[in-house]
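The structure appears below as structure tokens.
The values are calculated or read from the model by the stated rules, or taken from the named source; none is laboratory data. These numbers come from a predicted model, not from an experiment. So basically every Cβ, Gly included, is an ideal-geometry build from the backbone, and we count neighbours across all protein chains shown.
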Amino acid sequence: MNIVHSISDFISQKDCFVTIGTFDGVHIGHQKILKKLIQSAKEHKKESVLLTFFPHPRMVLQENVSIELLNTLKEKSALLEEMGLDSLIIHPFSKEFSRLTALDFVRDILVNQLNTSKLIIGYDHHFGKNREGNIDQLREYSQLFDFDVEEIPAQDIDDVSVSSTKIRNALHNGLLKTANKYLGYQYMINGTVVNGKKLGGKIGFPTANIDVKEDYKLIPKTGVYVVKAILEDAGTCFGMMNIGYRPTLDGKHQTIEAHFFDYNGDLYGKSLKIELLYFLREEQKFNTVDDLIIQLKKDKENSMFFLKNNLTL
């Protein structure tokens, strides 16, 4: 997959089938649009192109509103590549860019820069200054500039009422099964293993402390999860992960710590991808470290039971 970080850097020898949007999460609703785009482009021997933006427009236009994203740019790119997209344009979103009129956007970007022969979008798509552009204007402009427009009907995308906002809410509330169903894959966290206080090793449960450098990445509800990890240069293993503040050990800052069942190597400095499979329990404060150890043993037993009885994972 070709990735460029500005519209001006995009060059194609073919006409393009294009879709536009942030596509945060690349969830099952997004996937329907993308599958249609990719399949149509292949059938007509065109290039399939997604124009997306970073920072997320709300980060720029609503400066006092914090937003957590389901995907980092790297995660989104990997998901799109797996789907078979030809080109991904990640254009820097700015206030200046947001002032482009609908006409300017269509003429200068879609037609002159991206060489769009067909635009495939989800229903109720708006674009341009103050979101003034809509499907009616697109159809009008498509006749003026000679490209096709296809709107994916609401019933084809919204049959499960899925949205990035609903997935975020599910993750914040520990409803991992719902979130993963709407995503169409297990929610993931990518990070680097950093040095911790090594307290886990002292109580028989050594952990990898995971640092997520992207501060906009949504970290799910505190608690204990069953996880699958893809380790850098070390393959796949399973384990359990705690997201929280380690109240029994008087922790002051949120940490992400994973204990792997069948791995004893040195992970410091390595990158890993963790897929969240199941939400085991809420974070708890125990009266003693011994009580914590007893619970961790139960967590491991419950995790192993889950993994044994979910053979499709």
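Worth a mention:
- When residues of the stretch 169-189 are limited to those that are in a loop (DSSP other than H, G, I, E, B) and of a type in the set (S, T, N, Q), the one surrounded by the most Cβ atoms within 10 Å (Cβ to Cβ): 186
- Leading residue by the ranking (farthest from residue 87 (Cα to Cα)) among those in the stretch 100-135 that are of a type in the set (Asp, Glu) and in contact (Cβ under 8 Å) with a residue 12 or more places away in the chain: 132
- Residues of the stretch 102-148 that turn out to be small (Gly, Ala, Ser) and under 16 Å from residue 91 (Cβ atoms), as a count: 1
- Scanning the stretch 99-155 for residues that are of a type in the set (Gly, Ala, Ser) and either out of contact with any strand residue (DSSP E or B) (no Cβ under 9 Å at 6 or more places or on another chain) or closer than 22 Å to residue 38 by Cα (or both) returns 117, 122, 128, 142, 154.
- All of 276, 307, 272 fail the test of being out of contact with any helix residue (DSSP H, G or I) (no Cβ under 8 Å at 6 or more places or on another chain), of a type in the set (A, V, I, L, M) and within 17 Å of residue 243 (Cβ to Cβ), apart from 272.
- Filter pass, residue 230 being touching a Ser or Thr at 6+ places or on another chain (Cβ under 7 Å), of a type in the set (A, V, I, L, M), modelled with pLDDT of 95 or more and farther than 19 Å from residue 24 by Cα: no
- Selection count, the stretch 279-290, where residues are among the polar types (S, T, N, Q) and either in contact with a strand residue (DSSP E or B) (Cβ under 6 Å, 6 or more places away or on another chain) or within 16 Å of residue 245 (Cβ to Cβ) (or both): 1
- So residue 156, is it modelled with pLDDT under 85, assigned by TED's automatic domain parsing to the domain that holds residue 70 and over 23 Å from residue 69 (Cα atoms): yes
- Residue in the stretch 238-248 that is over 17 Å from residue 176 (Cα atoms) and basic (Lys, Arg) present: yes
- Close pairs from the stretch 37-61: first closer than 21 Å to residue 111 by Cβ, partner part of a helix (DSSP H, G or I) and small (Gly, Ala, Ser), Cβ under 7 Å, at least 6 apart: 47/41; 48/41
- Qualifying residue in the stretch 190-199 (condition: out of contact with any Ser or Thr (no Cβ under 9 Å at 6 or more places or on another chain), among the polar types (S, T, N, Q), surrounded by 14 or more Cβ atoms within 10 Å (Cβ to Cβ) and not in a strand (DSSP E or B)): no
- The residue of the stretch 37-72 that is surrounded by the fewest Cβ atoms within 10 Å (Cβ to Cβ), among those that are of a type in the set (Val, Ile, Thr) and more than 16 Å from the chain's Cα centre (by Cα), is 65.
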